[in-house]
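Since the structure comes first, as structure tokens, the remarks are kept for the end.
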Amino acid sequence: MKILSWIASMIVLASVVSASDDSFPLVKIDSGAVAGLIEEDIFVFKGIPYAQSPSGQLRWRPPHPVTKWNGVFNADQFGPWCPQILRDNYSKGLLDPKQMSEDCLRVNIWTPDIQPEKGLPVMVWINPGSFRQGSAQLPRYNGSALARQGVLLVSFDYRIGVLGQFAHPAMSKAQATEPVGNYGLMDQVAMLQWVQKNIEAFGGDPDRVTIFGMSAGGVSVNYLMTIPSAAGLFQGAISQSSGIRVSLPKQLSKNYPHIPSLETAGTELTRHFGIDDANPIDDLRSLTVEQLLDYQSNPSLFDPGSLNPVMDGILIQEPVGQAFREGRQHKVPYLTGATSWEGSLVVNFMPKPEPLFPIFGLNNVLAERLYKGLDDSAVVNAIETDFFYGSQRYLAKQHVLSGQQSWLYFFDRNLKAHTDDYPGAAHGAETRYIFQTLDSLKTTPQLSYGKIIKEEDRLYSKELSKRWVSFARDGRPHSESVWPKVSNEDATVMVIGQKDMHFERQFRLDRLDHFDRLFDDKKL
């Protein structure tokens with residue numbers, strides 16, 4: 001009955017929406033006609049399916065193309081959120097849990113013109129959230145301000161948590177001819193393929209696509225730079241606050257000490273639910289979303305650590321660092337960096353720095369030399385920040401050694417009203433500046449930061465946003481002043497400080513050179 005009702009609603013809409021109705025901008029894509037909205041001066045299309053719902057027999061399968069529809073798809077509201085565990089200060093209060101569904105592979109578009117004389121540069125945003133939570137629908141990712149600068153902004157949702165990363169030996173055997181495991185990344189590739197096929201209909205240029213993302217989104221950008229099937233799907237990449245693995249990467253089927261394979265984790269899940277390991281596939285796909293989220297929320301059952309992509313041998317064939325070192329990454333302009341308080345990620349559960357030492361190749365003597373004069377909390381933040389920024393600096397330098405262009409930034413700014421309240425700029429703080437959505441801080445539940453936005457903050461936001469748009473438009477992040485590229489001789493960085501943006505050539509060299517050596521030694 002629901003399907004019949006949906007078809008009927010599409011037929012009704014097709015009878016009332018036409019290309020001549022200015023209140024319903026209409027475009028034709030490969031799956032059918034789509035009607036959007038005009039919000040102020042921007043054309044907006046929300047919740048367009050870019051793949052079939054990955055539920056039922058399509059759960060834990062690569063994304064399948066959308067079935068074509070008759071009539072017109074009404075793209076006037078966002079689609080469902082991908083199933084996830086809600087988190088304080090991130091998604092609680094912004095999401096109705098009833099709106100979660102596996103039918104979440106949807107794309108949203110903001111464009112200043114659906115029939116421009118020349119195709120617009122395209123910016124594709126990839127959400128953060130540790131591959132566990134998040135959505136393109138959050139107000140902080142509203143694309144209107146970027147679109148007003150002459151680009152087409154694309155955002156989308158992809159599978160996360162146990163629905164986005166899962167394997168079981170029986171599935172690997174049954175699906176031997178297709179990639180398994182990294183379903184969230186498969187969704188990202190499928191969405192970029194959708195952009196190549198359809199973005200011209202919205203006024204975009206498929207030959208000028210820039211991907212950008214923060215945290216898990218930045219990790220995704222770096223992986224997309226190395227995934228063979230993503231070749232040619234974008235022409236520029238921006239990775240914000242990402243990191244290189246400093247431990248053995250999780251494998252699809254091979255176990256390491258303290259690092260079980262994805263198939264081993266999948267086998268533990270089947271045993272928890274009493275599913276026959278010999279023939280589990282149908283039963284696994286019959287589990288409800290609620291059962292899977294309950295399982296994922298129990299740290300004694302589900303690994304609370306990283307959900308970063310795993311080596312599956314088909315989609316991902318080698319670690320990111322190795323691909324960049326050996327010049328196998330995609331040859332596109334690359335902009336990358338981090339914030340000055342990346343330690344905000346661990347501030348609540350990492351009071352002492354010593355547990356970080358073996359992870360990052362440190363000992364007491366070396367840490368004393370590199371971080372002399374800092375108290376414990378400052379050392380924790382410095383190590384975390386050096387790791388994130390050092391990861392991106394390392395990849396940028398490797399990219400240059402491959403004959404490509406790279407730019408670096410270090411974001412060290414808080415809102416004017418909070419200048420002295422925090423050790424630095426928190427993880428992801430630059431994102432709202434880039435989207436010019438600082439006001440979304442005011443409506444974030446349980447967050448005191450950002451209730452006062454001053455004109456100086458807005459001007460700073462506009463300038464940083466212009467740099468990102470310039471990169472998407474011209475392949476370089478220039479504005480009123482030139483941003484020096486990384487060279488073989490030095491890794492000049494744009495420091496986005498409290499009062500100004502300036503360049504530094506000798507930036508934390510001892511500390512960052514240590515991380516260069518760490519990444520080289522780890523060979524990951």
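The values are calculated or read from the model by the stated rules, or taken from the named source; none is laboratory data. For clarity, every value in this text was computed on a predicted model and none was experimentally measured. Quick reminder, even Gly has a Cβ in these numbers, built from the backbone with ideal geometry, and neighbours come from all protein chains shown. To get the accessible areas, we keep the full protein, side chains included, count just its heavy atoms, and leave off ligands, DNA and RNA. Shrake-Rupley method; radii C 1.70, N 1.55, O 1.52, S 1.80 Å.
Are any of the residues in region 176-185 polar (S, T, N, Q) and closer than 21 Å to Ala230 by Cα? The answer is yes; a qualifying residue exists.
Taken residue by residue, region 257-264 has at least one member that is assigned to a loop (DSSP other than H, G, I, E, B) and surrounded by 15 or more Cβ atoms within 10 Å (Cβ to Cβ). Quick one: in region 376-405, of everything that is acidic (Asp, Glu) and out of contact with any Pro (no Cβ under 9 Å at 6 or more places or on another chain), which residue is surrounded by the fewest Cβ atoms within 10 Å (Cβ to Cβ)? Filtering region 376-405 for residues that are acidic (Asp, Glu) and out of contact with any Pro (no Cβ under 9 Å at 6 or more places or on another chain), the one surrounded by the fewest Cβ atoms within 10 Å (Cβ to Cβ) comes out as Asp386.
Taking region 168-197 as the range and being outside any helix (DSSP H, G or I) and either β-branched (Val, Ile, Thr) or over 12 Å from Pro309 (Cα atoms) (or both) as the test, the residues that pass are His168, Gln175, Ala176, Thr177, Glu178, Pro179, Val180.
His478 meets the conditions (1) at pLDDT 95 or above; (2) surrounded by fewer than 17 Cβ atoms within 10 Å (Cβ to Cβ) in every case but one. The failed one is (1). Being out of contact with any strand residue (DSSP E or B) (no Cβ under 9 Å at 6 or more places or on another chain), in a loop (DSSP other than H, G, I, E, B) and either modelled with pLDDT under 95 or buried (at least 24 other Cβ atoms within 10 Å of the Cβ) (or both) is a property that Ser135 lacks. Listed by position, the strands (runs of 3 or more DSSP E) contained in region 24-77 that have at least 3 residues being out of contact with any Leu (no Cβ under 7 Å at 6 or more places or on another chain) and touching a residue at least 60 places away in the same chain (Cβ under 8 Å) are 26-29, 42-49. Only one of the listed residues (Met214, Met225, Met191) is hydrophobic (A, V, I, L, M, F, W, C), at pLDDT 95 or above and within 11 Å of the chain's Cα centre (by Cα). That residue is Met214. Checking Leu301, Leu287, Leu269 one by one, the residue that is farther than 20 Å from Glu102 by Cβ and of a type in the set (A, V, I, L, M) is Leu301 and no other.
Return yes or no: is Ser286 small (Gly, Ala, Ser), without any contact (Cβ under 8 Å) to a residue 12 or more places away in the chain and surrounded by fewer than 23 Cβ atoms within 10 Å (Cβ to Cβ)? Yes. Filtering Lys173, Lys197 for residues that are farther than 29 Å from Asp474 by Cβ and open to solvent by 10 Å² or more (accessible area, probe 1.4 Å) leaves a single hit, Lys173.
Give me the pairs, please: first residue somewhere in region 133-160 and over 16 Å from Ala51 (Cα atoms), second residue anywhere and open to solvent by 10 Å² or more (accessible area, probe 1.4 Å) and β-branched (Val, Ile, Thr), beta-carbon distance under 6 Å, and either six or more positions apart or on two chains. Pairs that qualify, where the first residue is over 16 Å from Ala51 (Cα atoms) and the partner is open to solvent by 10 Å² or more (accessible area, probe 1.4 Å) and β-branched (Val, Ile, Thr), are Arg140/Thr437; Asn142/Thr437. Of everything in region 237-254 that is in contact with a helix residue (DSSP H, G or I) (Cβ under 8 Å, 6 or more places away or on another chain) and of a type in the set (A, V, I, L, M, F, W, C), the residue that is farthest from Pro333 (Cα to Cα) is Leu252. Gln188 satisfies every condition listed in (1) under 22 Å from Ser470 (Cβ atoms); (2) open to solvent by less than 10 Å² (accessible area, probe 1.4 Å) except (1). In region 140-167, the qualifying residues are those that are among the hydroxyl-bearing types (Ser, Thr, Tyr) and assigned to a helix (DSSP H, G or I), and the one that is surrounded by the most Cβ atoms within 10 Å (Cβ to Cβ) is Tyr141. One residue stands out in region 340-362 among those that are among the charged types (D, E, K, R) and assigned to a helix (DSSP H, G or I): the one that is nearest to Arg476 (Cα to Cα), namely Glu342.
Against the criterion of being touching a residue at least 40 places away in the same chain (Cβ under 8 Å), at positive phi and buried (at least 17 other Cβ atoms within 10 Å of the Cβ), Arg508 qualifies. Given the structure, is Gly337 buried (at least 22 other Cβ atoms within 10 Å of the Cβ), part of a strand (DSSP E or B) and either in contact (Cβ under 8 Å) with a residue 24 or more places away in the chain or out of contact with any Phe, Trp or Tyr (no Cβ under 7 Å at 6 or more places or on another chain) (or both)? Taking the combined requirement at face value, the residue satisfies it. All conditions but one from (1) of a type in the set (A, V, I, L, M, F, W, C); (2) touching an Asp or Glu at 6+ places or on another chain (Cβ under 6 Å); (3) not in a loop (DSSP other than H, G, I, E, B) apply to Leu284; the one that does not is (2). Can Gly119 be described as more than 19 Å from the chain's Cα centre (by Cα) and within 25 Å of Ala231 (Cα to Cα)? Against the criterion (more than 19 Å from the chain's Cα centre (by Cα) and within 25 Å of Ala231 (Cα to Cα)), Gly119 qualifies.
So, of the residues in region 176-185 that are among the small types (Gly, Ala, Ser) and under 21 Å from Asp276 (Cα atoms), which turns out to be most open to solvent (accessible area, probe 1.4 Å)? Checking each candidate, the answer is Ala176.
Here Gly497 passes the criteria (1) closer than 30 Å to Leu248 by Cα; (2) surrounded by fewer than 18 Cβ atoms within 10 Å (Cβ to Cβ); (3) modelled with pLDDT of 95 or more except the one numbered (1).
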